[in-house]
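Chemist: Got a structure for you, written out below as structure tokens; questions coming shortly.
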Amino acid sequence: MKSRHYLLLVGIILLGAILRFWNLDLKPVWLDEVITALFSLGRNYYEVPLNEAFSLSVLERVFTLNPETSCAQIAQTISSQSVHPPLFFCWMHDWLRWTQTLPLSWVWKLRALPALIGVVSIAAVYQLNRIAFSPAAGLTGAMVMAVSPFAVYLSQEARHYTLPMLLVILALLGLYQMQTDLYHRRIRLGVWVGWMVVNSIGFYVHYFFLLAFVAQVATLLINILTFKALPTLHRSPDAPHTTARTLYLHPRRAFLAVALAATGICLTYLPWLPTFLSHISRPETNWMKPFEPDWMDTIAPLYQLPIGWILMAIALPVEKQPGWLATLMVVLMVLFSVWLLWQVSGRFAQLWSTPDTHLATRLLAVFVLCVLLEFLAIVYILGKDITSVPRYNFLYFPAICALLGACLAQPSRGRQKGSVKSNHHSDIAGQSDPSDTLAERHAARLPRHTLTWAVLLVGVLSSTLVVSNLVFLKPYQPDQVAKNVQTTAETPLLMGMAYGDLQEVALGLSFALALKGQTGDRPGTDSRHYFTFLPKVRPAETTGTQVDDRLQQPSYTYVWENLARLKQPLQSPFAFWMVAPGLKRNEFPPTLSMLHSAGSSIGCVLDRDRFYRLGIPYQLYRCKQ
């Protein structure tokens, strides 16, 4: 039985690895991944050719690894050109140096590290559930993590999501063991120090980890205040029986231990604290604020959060689908989620009412509730709707995953009324659980293995759709933009990107990379396809190729002035595609002008039939002398 158990674990991890590395470089590189690439490759925005027309072949130089860049240099670049902590980018840079000899694309290498961390997270969830619940719950928890479409999606993002997710799992594992220490009135130094190290590292990986840290401390304090007596503890895997006993924590000592540990963690944040405070006040974070707030923005988080929960278990094609098909897919996802919730509610009641599993269930549930309250506070107090971005649910997804896995491992209950049958098969001699009636009323509707297979099959199907680029499409859809631009490939083309900040430069690079990906391998395309960045500021205020962050009040008037001064090498006629973030369709000028490199003027006329908007508007102009 033991060998079969570990064979199942290996199979689950292998399945998760296949799903995460399958079609790893299929999807286009989007804005956030461009940011990851620039910093992790040891580059910065000042190496991007701005305010000039350049061939797409120049991108090969921009996205080539600079192995001489140090972590300190990356941290310095990020402190001024981004709003993220540096550790993930430093580790990614080391990873790219180690893998630079592999005959694989830089996109694959960039996404491989988060995918690998995603695989490790499967094993970490197994360990969390094995210790907190049972070995069977470890397997089902690992299975949920392996096939969750949300987890697969995050694992294929070249971003710092799977790493903090892994750290959250490790932190929750330490948190559970710390909680049991408080009831045993002991301190296992290795557990407490390890928990402190994990939470210290998390801040330097992703700022949102602060929310997880606060939620963990709040969970400990809530349990200290409201759950002072523990009837029994989850038995050790090596012990054959668990005797009935009640353990009492010492509130004052417990508060002191938690306070000292939390203070030690906060001290490790001090070196980066000034940078953190400057980052959270920068305009790059304002995109989460509604442009023109109305009553819909007030209620949006209340349905956006459940949508994110649904995507953790099932994800069917909705984006870019016909209306009838998208509606059908939404209905199917909602029905499955409601059915799954109905199925696990009885099992959750069993976990809550069983003394051996109550502490772990309580800890994970309170942690999730604390994070959700933090999310709502950010939305309604700070005015930044982070619920509109499902990927930010990575912060509490591991706890949801562990709870769902524990519920799936919970056997049916109620056939032998009065008996307590936990997934540990342990009884409390001479006692009957007063909550048996509640558990029986919510008894599982399906046998355990049937429900587990249903979750597994739906997860594999959903994850297959994710890796096939049918679900969780990249924001701004760079591949679709490039495809539309390519419709004018019969003539030379120039693509222009208006920018007012560094994020719009990254967005333009994602379009340029997608265009190069569709045309770069064809002979002669380097001399026919060009790209340019046009600043939304006065031409005299931007010099060379550097971005002056102090420039204020960007305007498209300056974009057209900069375009009129642009010298481009293409012979007319050619197609000019103007990407203009924030511009309305009727605000595109009917005519534009620019210069040929020889000095002659070129006029461009708007093509009224070739306007597109995929989050960002872009318009075709026909240019000739």
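The values are calculated or read from the model by the stated rules, or taken from the named source; none is laboratory data. Keep in mind the model is a prediction, meaning the values are calculated, not measured. Every residue, glycine as well, gets a Cβ built from its backbone with ideal geometry; the counts of neighbours run over all protein chains shown.
Chemist: Any idea which residue in the range 46-80 is nearest to Q568 (Cα to Cα), counting only those that are of a type in the set (S, T, N, Q) and crowded, with 19+ Cβ neighbours inside 10 Å?
Modeler: Among them, the one singled out is N51.
Chemist: Considering only residues that are touching a Leu at 6+ places or on another chain (Cβ under 7 Å) and closer than 11 Å to L38 by Cβ, which ones fall in the range 65-91?
Modeler: N66, Q81
Chemist: Given the conditions (1) at pLDDT 95 or above; (2) among the small types (G, A, S); (3) over 25 Å from L31 (Cα atoms), and given that A151 satisfies all but one, which numbered condition is not satisfied?
Modeler: The single condition A151 does not satisfy is (3).
Chemist: Which strands (runs of 3 or more DSSP E) sit wholly inside the range 535-625 and have at least 1 residues that are basic (K, R) and at pLDDT 85 or above?
Modeler: Where strands (runs of 3 or more DSSP E) fall fully within the range 535-625 and carry at least 1 residues being basic (K, R) and at pLDDT 85 or above, they are 601-613, 617-624.
Chemist: Please state which one of A37, A53 is under 17 Å from the mean Cα position of the chain (by Cα) and not assigned by TED's automatic domain parsing to the domain that holds S155.
Modeler: A37
Chemist: I would also like to ask the following. Within the range 573-625, track down each residue that is touching a helix residue (DSSP H, G or I) at 6+ places or on another chain (Cβ under 8 Å), over 14 Å from L563 (Cα atoms) and among the aliphatic types (A, V, I, L, M).
Modeler: Result: A575, L583, L614, I616, L620.
Chemist: Let me confirm something: among L340, L351, which residue is in contact (Cβ under 8 Å) with a residue 12 or more places away in the chain, under 28 Å from the mean Cα position of the chain (by Cα) and closer than 27 Å to A454 by Cβ?
Modeler: Result of the check over L340, L351: L340.
Chemist: Ok, one more. Scan the range 551-597 residue by residue and report those that are acidic (D, E) and within 18 Å of N51 (Cα to Cα).
Modeler: Within the range 551-597, just E561 meets the criteria.
Chemist: Out of everything in the range 579-625 that is touching a residue at least 40 places away in the same chain (Cβ under 8 Å) and in contact with a Ser or Thr (Cβ under 7 Å, 6 or more places away or on another chain), what residue ends up being surrounded by the fewest Cβ atoms within 10 Å (Cβ to Cβ)?
Modeler: If we take residues in the range 579-625 being touching a residue at least 40 places away in the same chain (Cβ under 8 Å) and in contact with a Ser or Thr (Cβ under 7 Å, 6 or more places away or on another chain), then Q625 is surrounded by the fewest Cβ atoms within 10 Å (Cβ to Cβ).
Chemist: Have a look at Y392, Y396 and point out the one that is assigned by TED's automatic domain parsing to the domain that holds V368, modelled with pLDDT of 90 or more, over 18 Å from G141 (Cβ atoms) and among the aromatic types (F, W, Y).
Modeler: Y392
Yes/no per residue for (1) modelled with pLDDT of 95 or more; (2) out of contact with any Asp or Glu (no Cβ under 9 Å at 6 or more places or on another chain); (3) surrounded by 19 or more Cβ atoms within 10 Å (Cβ to Cβ); (4) assigned to a helix (DSSP H, G or I):
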site: S345; (1), (2), (3), (4): no, yes, no, yes
site: W352; (1), (2), (3), (4): no, yes, no, yes
site: V379; (1), (2), (3), (4): no, no, yes, yes
site: C401; (1), (2), (3), (4): yes, yes, yes, yes
site: L404; (1), (2), (3), (4): yes, yes, yes, yes
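Chemist: Of the residues Q350, Q321, only one is touching a Ser or Thr at 6+ places or on another chain (Cβ under 8 Å) and of a type outside the set (A, V, I, L, M, F, W, C); which?
Modeler: Q350
Chemist: Also: Which of the residues belonging to the range 488-500 are in contact (Cβ under 8 Å) with a residue 60 or more places away in the chain and surrounded by fewer than 20 Cβ atoms within 10 Å (Cβ to Cβ)?
Modeler: Residues satisfying the conditions are T488, T491.
Chemist: Please enumerate the residues belonging to the range 443-487 that are assigned to a loop (DSSP other than H, G, I, E, B), among the small types (G, A, S) and either surrounded by fewer than 17 Cβ atoms within 10 Å (Cβ to Cβ) or out of contact with any Gly (no Cβ under 8 Å at 6 or more places or on another chain) (or both).
Modeler: If the condition is that a residue be assigned to a loop (DSSP other than H, G, I, E, B), among the small types (G, A, S) and either surrounded by fewer than 17 Cβ atoms within 10 Å (Cβ to Cβ) or out of contact with any Gly (no Cβ under 8 Å at 6 or more places or on another chain) (or both), then A443, S468 are the ones that fit.
Chemist: Looking at G118, G202, G138, can you tell me which residue is under 20 Å from A218 (Cα atoms) and either surrounded by 22 or more Cβ atoms within 10 Å (Cβ to Cβ) or in contact (Cβ under 8 Å) with a residue 12 or more places away in the chain (or both)?
Modeler: That would be G202, the only listed residue that is under 20 Å from A218 (Cα atoms) and either surrounded by 22 or more Cβ atoms within 10 Å (Cβ to Cβ) or in contact (Cβ under 8 Å) with a residue 12 or more places away in the chain (or both).
Chemist: Which one is farthest from the chain's Cα centre (by Cα) among residues in the range 218-238 that are modelled with pLDDT of 65 or more and buried (at least 18 other Cβ atoms within 10 Å of the Cβ)?
Modeler: For the range 218-238, the residue satisfying everything is L230.
Chemist: Now for a separate question. Would you pick out the residues in the range 164-204 that are touching a strand residue (DSSP E or B) at 6+ places or on another chain (Cβ under 7 Å) and among the hydroxyl-bearing types (S, T, Y)?
Modeler: Y183
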